[in-house]
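Please read the structure below before turning to the comments.
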Amino acid sequence: MLNESFSEGDYVVYPTHGVGKVEAIELQKIAGHELELFVITFDRDRMTLRVPVPKARKSGLRKLSTRIVMDSALSTLRGRAKVKRAMWSRRAQEYEAKINSGDPVSIAEVVRDLHRNANQPDQSYSERQIYEAALERLASELAAVESIEQDMATQKLEKLLAAA
């Protein structure tokens, strides 16, 4: 089995966990079958994930976003917040789905839509949690794309949001 999509040392995005690093591509014998696996570490969560190479694409594993995609996500932050009138539980599900999609533009929409209330006391605990999860996910990919520290990426995002 030859894998050409990811190499050791590549930074990748796993939709439900964010940015990780391919530490190795190893062959393991599982239930009598040889299986090639991507070994991906997520430093922030102190977690290691093993993804079977044949299932990588189906699982949503992808390379870091291009500069163009990241710029599109950043311009999304400058847009107007779209507040839906649906029940919070329904909106929360939609926000979680967008975060777990791994798509930077969708994640930016969540950050933008929930930021408006970020410093207001009427923001619920669950709104704040979802906002922070989306901000962290977007900042981690921005940091990897721009080769900067994550806290610098977070500051850059917050500055864009404040100016919007």
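The values are calculated or read from the model by the stated rules, or taken from the named source; none is laboratory data. This structure is a prediction, so every number in the text was calculated from the model and none was measured. Ideal geometry is used to build each Cβ from the backbone, glycine not excepted, and the neighbour counts take in all protein chains shown. SASA here: full protein model, heavy atoms, side chains in, ligands and nucleic acids out. Shrake-Rupley method; radii C 1.70, N 1.55, O 1.52, S 1.80 Å.
If you take the residues of region 1-24 that are among the charged types (D, E, K, R) and open to solvent by 100 Å² or more (accessible area, probe 1.4 Å), which of them is farthest from the chain's Cα centre (by Cα)? So that I can check it myself, show each step before the final result.
Step one: list which residues in region 1-24 are among the charged types (D, E, K, R), which gives 4, 8, 10, 21, 23.
Next cut, open to solvent by 100 Å² or more (accessible area, probe 1.4 Å) only: 4, 8.
On the way: 4: 23, 8: 20 Å.
Selected residue: 4.
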Matching helices (runs of 4 or more DSSP H) fully within region 46-129 where at least 3 residues are farther than 30 Å from residue 34 by Cβ and hydrophobic (A, V, I, L, M, F, W, C):
67-77, 88-101, 104-115
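Only one of these is part of a strand (DSSP E or B) and surrounded by 15 or more Cβ atoms within 10 Å (Cβ to Cβ): 35, 27. Name it. Quick ask: steps written out before the conclusion?
Numbers: 27 fails: surrounded by 15 or more Cβ atoms within 10 Å (Cβ to Cβ).
Only one candidate passes the filter, namely 35.
Going by the conditions given, is residue 92 of a type in the set (A, V, I, L, M, F, W, C), closer than 23 Å to residue 154 by Cα and modelled with pLDDT under 90? Explain how you work it out, then say what you get.
Details: of a type in the set (A, V, I, L, M, F, W, C): yes; closer than 23 Å to residue 154 by Cα: yes; modelled with pLDDT under 90: no.
Answer is no for this residue.
Taking region 58-114, which residues are of a type in the set (Lys, Arg) and surrounded by fewer than 16 Cβ atoms within 10 Å (Cβ to Cβ)? It would help to see each step written out before you state the result.
If we filter region 58-114 for residues that are of a type in the set (Lys, Arg), which is where we start, we get 58, 62-63, 67, 78, 80, 82, 84-85, 90-91, 98, 112.
Scanning region 58-114 gives 58, 63, 67, 78, 80, 82, 84, 85, 90.
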Yes or no: residue 149 closer than 25 Å to residue 9 by Cα, charged (D, E, K, R) and open to solvent by 60 Å² or more (accessible area, probe 1.4 Å)?
yes
Residue satisfying condition, being at negative phi, open to solvent by 80 Å² or more (accessible area, probe 1.4 Å) and of a type outside the set (A, V, I, L, M), within set 131, 125:
125
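So is residue 69 touching a Phe, Trp or Tyr at 6+ places or on another chain (Cβ under 9 Å), of a type outside the set (Lys, Arg) and within 17 Å of residue 10 (Cβ to Cβ) or not?
Working: touching a Phe, Trp or Tyr at 6+ places or on another chain (Cβ under 9 Å): no; of a type outside the set (Lys, Arg): yes; within 17 Å of residue 10 (Cβ to Cβ): yes.
Here the answer is no, as residue 69 does not meet what is asked.
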